[in-house]
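The values are calculated or read from the model by the stated rules, or taken from the named source; none is laboratory data. Given the structure is predicted, the values throughout are model-derived calculations rather than measurements. No Cβ is skipped: glycine too gets one built from the backbone with ideal geometry, and neighbour counts run over all protein chains shown. For accessibility, only protein heavy atoms count, side chains too; no ligands or nucleic acids. Shrake-Rupley method; radii C 1.70, N 1.55, O 1.52, S 1.80 Å.
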Amino acid sequence: MNDFAVLNTGRKMPLLGLGTWKSEPGKVKQAVVWALDAGYRHIDCASIYGNEAEIGEALQETLGPNKSLRREDVFITSKLWNTRHHPEDVEPSLLKTLKDLKLEYLDLYLIHWPYAFQRGDVPFPRKEDGSMLYDDTDFKLTWAAMEKLVEKGLVRSIGLSNFNSRQIDEILSVASIKPTVLQVEGHPYLAQVELLAHCRDRGLVMTAYSPLGSPDRAWKQPDEPVVLQEPVFATLAEKYKKTPAQIILRWQTQRGVVTIPKSVTESRIKENIQVFDFTLEPEEMKSITALNKGWRYIVPMIEVEGKRVPRDAGHPHYPFNDPY
């Protein structure tokens, strides 16, 4: 079992990376240092997470000549935010990310969501009633600007995040540089079987975010099912002398899905990468995939006139109205 996926550019992408969404400033630098010490060679970032400058401090201390690692040893991803879809905003956004991360290039740059918010410096622009101010920039135009970043050597490859199958095909219909990766929510309750097959057919690698069901998400409801508490994980954990989290991460990596669990706890960071020393049996893999219930934990919610509603469901490019 390899511990990397091969992108359609021929480059290798480590199957396990450190997620940094919701990693608080003040903790994320240490988390990145611990991860690199523990053998992680893949860090997943995004400008909207608000912590790239601190991650950059960790990278500056660990990567480069006379440091513990070479820049080319570590795969680093970031993402273009929704207010920056206008083609003229794409390169400046990337340059800001590179400056914050203290890097000369990214291994992967993703369009974070298929829909755009109103241009400007307010990351979540809203109307008086609390609903979002959108922009209708066509993501195919954004993609053309992303391709220029590859041509300039600023990014090694480009990809998509939170796009559905139809939107991926729309990009492929115009792309001169193909997307390498689709990053989406993925865990046993949202196994993404159809979308994974769709990506494989088209030469994209899938990355799963919130692979353990994002237990620290902000809009958690008390009655929601908890994926880590499924009995099958306790059973398999006992059999393999692993934790339920390690069983879930193994299931994804064994499917060839890149996985980016987030943690700022040293013991968990170490634990999450110890998934390449055992193999689940085919029937065990099937029993985990069978837990799928199409359950999406990560749907941004807002209050509009006192009601909780999906923040972006009204946008024409909202991805989750399609089956996959």
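Whenever a residue of segment 138-159 is in contact (Cβ under 8 Å) with a residue 60 or more places away in the chain, its partners that are polar (S, T, N, Q), lying with C-beta atoms within less than 9 angstrom and at least six residues away or across chains, give the pairs Phe139/Gln167; Val155/Ser78; Arg156/Thr9; Arg156/Thr180; Ser157/Asn8; Ser157/Thr9; Ser157/Thr180. For segment 1-45, please list each of the strands (runs of 3 or more DSSP E) lying entirely inside it that holds at least 3 residues being of a type in the set (Gly, Ala, Ser) and free of Cβ contacts under 8 Å to residues at least 12 places away in the same chain. The strands (runs of 3 or more DSSP E) meeting that bar number zero. The residues of segment 278-300 that are open to solvent by 60 Å² or more (accessible area, probe 1.4 Å) and touching a residue at least 60 places away in the same chain (Cβ under 8 Å), listed by number, are Thr279, Asn292, Lys293, Trp295, Arg296. Quick one: in segment 95-112, which of the residues that are among the aliphatic types (A, V, I, L, M) and not in a loop (DSSP other than H, G, I, E, B) is farthest from Glu170 (Cα to Cα)? The extreme case among them is Leu101. On inspection, Ala237 fails the criterion of being closer than 30 Å to Gly10 by Cβ, without any contact (Cβ under 8 Å) to a residue 40 or more places away in the chain and among the aliphatic types (A, V, I, L, M). Just one residue in the set Val258, Val275 is touching a Gly at 6+ places or on another chain (Cβ under 8 Å), among the hydrophobic types (A, V, I, L, M, F, W, C) and either surrounded by 14 or more Cβ atoms within 10 Å (Cβ to Cβ) or at pLDDT 90 or above (or both); that residue is Val258. The one condition from (1) within 23 Å of Trp251 (Cβ to Cβ); (2) touching a residue at least 60 places away in the same chain (Cβ under 8 Å) that Val184 does not meet is (2).
One line per residue, one yes/no per condition, for (1) of a type outside the set (Ser, Thr, Tyr); (2) under 19 Å from Pro300 (Cα atoms); (3) touching a Lys or Arg at 6+ places or on another chain (Cβ under 9 Å):
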| position | (1), (2), (3) |
| --- | --- |
| Tyr109 | no, no, yes |
| Arg119 | yes, no, yes |
| Phe124 | yes, yes, yes |
| Lys127 | yes, yes, no |
| Ser131 | no, yes, yes |
| Asp135 | yes, yes, yes |
| Glu151 | yes, no, no |
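Each residue in segment 113-137 was checked for being outside any strand (DSSP E or B) and either under 16 Å from Pro319 (Cα atoms) or free of Cβ contacts under 8 Å to residues at least 60 places away in the same chain (or both), and 15 of them qualify.
The number of residues in segment 156-200 being in a strand (DSSP E or B) and polar (S, T, N, Q) comes to 3. Taken over segment 131-175, the criterion of being open to solvent by less than 10 Å² (accessible area, probe 1.4 Å) and of a type in the set (Gly, Ala, Ser) is satisfied by Ser157, Gly159, Ser161.
One residue stands out among those in segment 144-155 that are over 18 Å from the mean Cα position of the chain (by Cα) and in a helix (DSSP H, G or I): the one that is nearest to Lys12 (Cα to Cα), which is Val150. Restricting attention to segment 24-44, the residues that are over 15 Å from Thr62 (Cβ atoms) and in contact with a strand residue (DSSP E or B) (Cβ under 6 Å, 6 or more places away or on another chain) add up to 1. For segment 8-55, taking the residues that are polar (S, T, N, Q) and open to solvent by 30 Å² or more (accessible area, probe 1.4 Å), the one that is farthest from Leu110 (Cα to Cα) is identified as Gln30. Residues that are open to solvent by 20 Å² or more (accessible area, probe 1.4 Å) and under 20 Å from the mean Cα position of the chain (by Cα) within segment 64-80 comprise just one, Asp73.
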